[in-house]
Amino acid sequence: MEVQIASRYGSGMVQQIVSVSPSGTPQRVGDLIKDWRTRRRMSQLDLALEAGISQRHLSFVESGRSSPSRDMVEMLCEHLDLPLRERNVVLLSAGFAPSYSERKLSDPSMAAAHAAVELVLKAHEPNPALAVDRWWNLVMQNASVAPLLGLVEDKSLLEGTPNVLRLSLHPGGLAKNIVNLGFWKAHILWRLGQQIHATHDAKLIALEKELSGYPAPPPGRRERNEADAIALSLDLRIGEHTLSFITTTTIFGTPADVTLSELAVEAFFPANSQTAAIVQAMAAAG
């Protein structure tokens, strides 16, 4: 179970997620460290050796017999490879202020980051590119994404902040236009599974369950092509044409903000010359 609390530090108020036990009380730092160690399939000895501490000391931390220092908590989070959001949760459970701020991309203090993302998206035209948050909600997009969103029949999917994974697999979204829907759904669920393994995020787990229930043909067998050697292509039918794209994901290298650490730019590249020519023609036609 998780609850949101507001923490004031730095220049303003920041929303943080704190894990609580089924009884509603905050989880102890030792319990969280043990939970994450188990999820990472590490023994106490493995983690202790990597962190340069004794197994006995780690055992005392996990059992609550020893209260770890801030440096100890941060070091264990580092060796457990926790995302920044989860590191803040562990720090809070140990009684320390979070190390990483969480500001909206629209915050004035994030102007440089916003401009950088906008530049990357614009530079990728005439090919589609978009920025998504941790939960795959659409944050920003370039002009070439609009024709794809125009294929969505259920306009309620576009209200508020659209979720791009829901848009792609929902029967009222792009699903009817995706030629290789079975393969694409399997690919999306695999990526989501990898993200859930890294974060154990309740919202992502719920999203995975929702997407798994959407209809799609089984992946089956098909002949592999050159694009598959790099990445699975998204084959999208637009009118009488079938466009094939491969995607790349760009993330910030060394962010010190939760929002930036979770922001990803999904860039679509033509998988063949025919798709490239059609994308160019669509951009020229406006």
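We did not get these values from a lab; they are worked out from the coordinates using the rules stated. Everything numeric in this text was worked out from a predicted model, so none of it was measured. Methodologically, a virtual Cβ is constructed for each residue, glycine included, from the backbone with ideal geometry; neighbour enumeration extends over all protein chains shown.
Determine, for each peptide in 110-123, 133-146, the mean count of other beta carbons within 10 angstrom over its residues, then list the peptides with the highest first.
Put in order of decreasing packing, that is 133-146, 110-123.
Just to confirm the number: angle between the C-alpha axis of helix 273-285 and the first principal axis of the chain, 0 to 90 degrees, nearest 10?
80 degrees
Give the angle, between 0 and 90 degrees and rounded to the nearest 10, that separates the Cα long axis of helix 84-93 from the longest principal axis of the Cα atoms of the chain.
Tilt of helix 84-93: around 20 degrees.
For the chain, what is the calculated [θ] at 222 nm in deg cm²/dmol (nearest 500), taking -39500 (n - 2.57) for each run of four or more DSSP H residues and dividing by its residue count?
Value at 222 nm, helices only: -12000 deg cm²/dmol.
Which of the lysines could be linked to Lys185 by a straight reach, that is with a Cα gap under 18 Å, when you skip same-chain ones fewer than 8 residues away?
Lys176, Lys209
Using only the alpha-carbon atoms, how far is helix 70-79 inclined from the longest principal axis of the chain? Give it as 0 to 90 degrees, nearest 10.
Long axis of 70-79 versus the principal axis of the chain: about 40 degrees.
Under the definition of Cα pairs under 8 Å and six or more residues apart, what whole-number percent is the relative contact order of the chain?
Once divided by the residue count of the chain, the mean separation gives 15 percent.
Given an 8 Å cut-off on Cα distances and at least 6 residues of separation, report the relative contact order of region 75-220 as a percent.
Here the relative contact order equals 16 percent.
Out of all DSSP beta bridges in the chain, what portion is antiparallel? Express it as a percent rounded to 5.
95 percent
Residues with beta-carbon under 13 Å from that of His124, excluding His124: net charge, scoring Lys, Arg +1 and Asp, Glu -1?
So the environment of His124 carries a net charge of -2.
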